[in-house]
Amino acid sequence: MSRSHHKRLVMPRTWPLTRKTNIWVQKPNPSGHQIEMCMPLGIILRDVIGVAHNMREAKRILYSRKVLVDGRVETDRARGVGLMDVLTVGDENFRCVLDKNGKLRYRPIAKKEAKSKICRVMGKTTIKGGATQIHLHDGRNMILEDPSTYKTGDSLVISLPDQKISSHIAMKPGSLAYLTGGSHIGETAEIKEQEVKRSSKPNETSFAHFGTITDYVFVISKESDLPLEAES
């Protein structure tokens, strides 16, 4: 079996698939998303959204060029579609989120909501010429003239498909956080306090009744930014 597949028994726990129906499952192609935070497009069409009965039908849908990821046509069945990505199939739009069981869900959103996505700033580096490049959670990089405005952990609202920054959401006390890991995964809560560690230990963020590491904190502007209520 080629490396494009792995056994279902060892697939990421975030994938909402049964483990014992088949031996093998498609792996997503390398992308900006971690493998735990994305699923291959063909499997989403067949096993999650259910618009295809088998992979042959999924390929036919992809070759029709009516499937878009973040506003751009996608024909690769192994393309990883991950957290916060916008998937468009014909006239229907979906956003990838994590539910409270830690499973990836592709939930319906309105056409207006499909015109933007929120990305978390993962870090910054200085590149040739002294410009600064910021790295976002979905693998995209953006070169900015004034990068001091954006800090690691902040979120940027990106317009689709032109991929321009339309707004900035700072990570600070009072901001609304969407939790992407830990025992409160899939929940939203208001940030109360942040603690920066001067050691190898991870930074921590406190909420009203619990705390978690800052790496699990994804700031959003309001709960309606995400389709958290309806089950897929």
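Throughout, read-outs are computed from the coordinates displayed, never taken from laboratory work. This is a predicted model, so every value here is computed, not measured. Counting neighbours? That spans all protein chains shown, and the Cβs are built from the backbone with ideal geometry, glycine included.
Computed from the Cβ-Cβ distance with R0 of 41 Å, the FRET efficiency linking residue 72 to residue 195 stands at 0.55. Amide H contacts of residue 27 (H built 1.01 Å from N, in plane; Pro and chain starts excluded): 5, 6 sit under 5 Å, all sequence-distant by 5 or more or on other chains.
Straightening the chain between residue 203 and residue 55 buys 49.0 nm, computed as 0.36 nm per residue apart minus the Cα-Cα spacing. On full extension, the segment bounded by residue 146 and residue 124 gains 6.7 nm, given 0.36 nm per residue less the C-alpha separation.
Can you tell me how much longer the chain between residue 222 and residue 167 gets when fully stretched, taken as 0.36 nm per residue apart minus their C-alpha distance, in nm with one decimal?
Working: separation 55, 0.36 × 55 = 19.80 nm, distance 1.33 nm.
So the extension gain works out to 18.5 nm.
Placing R0 at 35 angstrom, the Cβ-Cβ distance between residue 92 and residue 3 gives a FRET efficiency of 0.60 after rounding to 0.05.
Restriction of the trypsin sites (Lys or Arg not before Pro) in the range 13-57 to DSSP coil positions whose beta-carbon has at most 16 other beta-carbons within 10 angstrom yields 13, 19, 20. Measuring how big the range 116-169 is from its alpha-carbon positions, Rg and Dmax come out at 10.5, 30 Å.
Mind checking the range 130-232 for GluC sites (Glu not before Pro) that DSSP puts in a loop (not H, G, I, E or B) and that have at most 13 other Cβ atoms within 10 Å? If you can, show how the numbers build up before the last one.
Working: sites: 145, 187, 190, 193, 195, 204, 223, 229, 231; in loops: 145, 187, 229, 231.
Sparse-neighbourhood loop GluC sites (Glu not before Pro): 145, 229, 231.
Which entries in the list 27/100; 59/222; 20/164; 20/100 go over 32 Å, if you measure between the two C-alpha atoms of each?
Pairs exceeding the cut-off: 59/222; 20/164.
Taking all Cα pairs closer than 8 Å and separated by 6 or more residues, the relative contact order of the chain comes to 14 percent. Note on the chain: with a GNM built from Cα contacts shorter than 10 Å, the maximum mean-square fluctuation among 143, 49, 134 falls on 143. Using the Cβ-Cβ distance between residue 187 and residue 24 with R0 set to 35 Å, the FRET efficiency from 1/(1 + (r/R0)^6) comes to roughly 0.55.
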